[in-house]
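To keep things clear, I will list the structure first and then write my remarks on it.
The values are calculated or read from the model by the stated rules, or taken from the named source; none is laboratory data. Computed from a prediction, not measured in an experiment: that's the story for all the values here. Backbone-built Cβ (ideal geometry, glycine too); neighbour counts: all protein chains shown. Each accessible area value is taken on the protein alone, full model and side chains, heavy atoms only, with ligands, DNA and RNA left out. Shrake-Rupley method; radii C 1.70, N 1.55, O 1.52, S 1.80 Å.
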Amino acid sequence: MQARVKWVEGLTFLGESSSGHQIIMDGNSGDKAPSPMELVLMSAGGCSAIDVVSILQKGRHDVSNCEVKLTSERREEAPRIFIHINLHFIVTGKDLSDKAVARAVDLSAEKYCSVAIMLGKGVEITHSYEVIAA
């Protein structure tokens, strides 16, 4: 995997993935676009949500919605790394059991989500969930 980041102006940068997709990043506390740290947080949520939905669908569960609300804490001093991240999954589906969602969340956290697992080497990461009947 490769990528490149090109300076646009001020503290705004354009990132481009090897697949040709682009995203703007802003170093001014997210003034014009997400900051790099916001993108890291969203990446953990996106990677985990993909896993959870995929696992539930492969188990033939009727999932109609999945949202991940991420909360984080960062160090006050530089480097302002994350010290804690919580991923709270809100999964909606027809006849969807707590057990199935818990299993999907656990599998993502422990085995599949490369972003969260990588971050977990230096950050305390917790997971929670709720199931909403469709």
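Tell me, which residue of the stretch 112-134 that is touching a helix residue (DSSP H, G or I) at 6+ places or on another chain (Cβ under 7 Å) and in a helix (DSSP H, G or I) is least open to solvent (accessible area, probe 1.4 Å)? Once the filter is applied, the top-ranked residue is Ala116.
For (1) at pLDDT 95 or above; (2) of a type outside the set (A, V, I, L, M), each residue gets a yes or a no:
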{"position": "Gly10", "(1), (2)": "no, yes"}
{"position": "Ser18", "(1), (2)": "yes, yes"}
{"position": "Gly27", "(1), (2)": "no, yes"}
{"position": "Ile50", "(1), (2)": "yes, no"}
{"position": "Lys58", "(1), (2)": "yes, yes"}
{"position": "Asp62", "(1), (2)": "yes, yes"}
{"position": "Ala78", "(1), (2)": "yes, no"}
{"position": "Val91", "(1), (2)": "yes, no"}
{"position": "Lys94", "(1), (2)": "yes, yes"}
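Of Ser43, Ser72, all but one fail to be in a strand (DSSP E or B) and under 23 Å from Glu124 (Cα atoms); the exception is Ser72.
For Leu41, are the conditions met, namely being of a type outside the set (S, T, N, Q), open to solvent by less than 50 Å² (accessible area, probe 1.4 Å) and either over 23 Å from Phe13 (Cβ atoms) or touching a Lys or Arg at 6+ places or on another chain (Cβ under 6 Å) (or both)? No, not satisfied.
Per the conditions (1) in a helix (DSSP H, G or I); (2) crowded, with 16+ Cβ neighbours inside 10 Å, the sole criterion not satisfied by Leu107 is (2). Screening Ser54 on (1) farther than 13 Å from Tyr129 by Cα; (2) more than 17 Å from the chain's Cα centre (by Cα); (3) among the hydroxyl-bearing types (Ser, Thr, Tyr) shows it passes everything except condition (2).
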